[in-house]
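The values are calculated or read from the model by the stated rules, or taken from the named source; none is laboratory data. These numbers come from a predicted model, not from an experiment. FYI the Cβ positions are ideal-geometry reconstructions off the backbone, even for glycines, and counts take in every protein chain you see. Side chains are part of the model used for accessible areas, which takes the heavy atoms of the whole protein and leaves out ligands, DNA and RNA. Shrake-Rupley method; radii C 1.70, N 1.55, O 1.52, S 1.80 Å.
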Amino acid sequence: LGEPLHSSKPYRARPAHAESASPTLPEVTIIKHFFPRHLVIQAKVTNSAPGLNGRTLGNVSFVVAESSDEAIMPSAQVPVKALPPKSTGSAWCALAAAPQRLDGTAVLTCELRYSVLAVDTTTGAPLSFGGGTMATSGLGRAYVEELQDMEIHAAHFAM
């Protein structure tokens, strides 16, 4: 990717529809890192939501579900495999960007996807990381939380 042109100031991501946000929605802080031909979004996720009751989150992913402009398109994601209670980890989403083709403003529809894992009450360790076994045995529940849209301008890619 090369050297970053600059990074945005961190800001707290908000649910797109606050009234329908899950009580398990963790705190999410977004930092956008701009490169000449890429945008890398860092989502710092803190597992501190009261509705989690001290449970571990699994496969925490920040996903750009849709882009209004094909000049910026998702190309890779790096999830957090496990996020124990009261800890913070970063999920990453890389987008290929062609700022010279960006027509005005691109609107990115963003989601946070994660599972709430059941834990062994004696050890605190998650009982399962496998999606199939969790789904069939009821050991975890998957969530998709829509976050507020993100606007990206061609000027963001200038030095």
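The table for this structure:
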read-out: Some residue of region 37-54 being among the small types (Gly, Ala, Ser), in contact with a strand residue (DSSP E or B) (Cβ under 6 Å, 6 or more places away or on another chain), assigned to a strand (DSSP E or B) and surrounded by fewer than 13 Cβ atoms within 10 Å (Cβ to Cβ); value: no
read-out: Subset tally (residues that are within 14 Å of the chain's Cα centre (by Cα) and surrounded by fewer than 15 Cβ atoms within 10 Å (Cβ to Cβ)) for region 11-24; value: 3
read-out: Qualifying residue in region 25-34 (condition: basic (Lys, Arg) and either open to solvent by 70 Å² or more (accessible area, probe 1.4 Å) or farther than 29 Å from ARG55 by Cα (or both)); value: no
read-out: Any hit, region 97-108, residues being open to solvent by 20 Å² or more (accessible area, probe 1.4 Å), touching a strand residue (DSSP E or B) at 6+ places or on another chain (Cβ under 7 Å) and more than 14 Å from HIS156 (Cα to Cα); value: no
read-out: Count of region 82-94 residues which are assigned to a strand (DSSP E or B) and more than 14 Å from ALA43 (Cα to Cα); value: 1
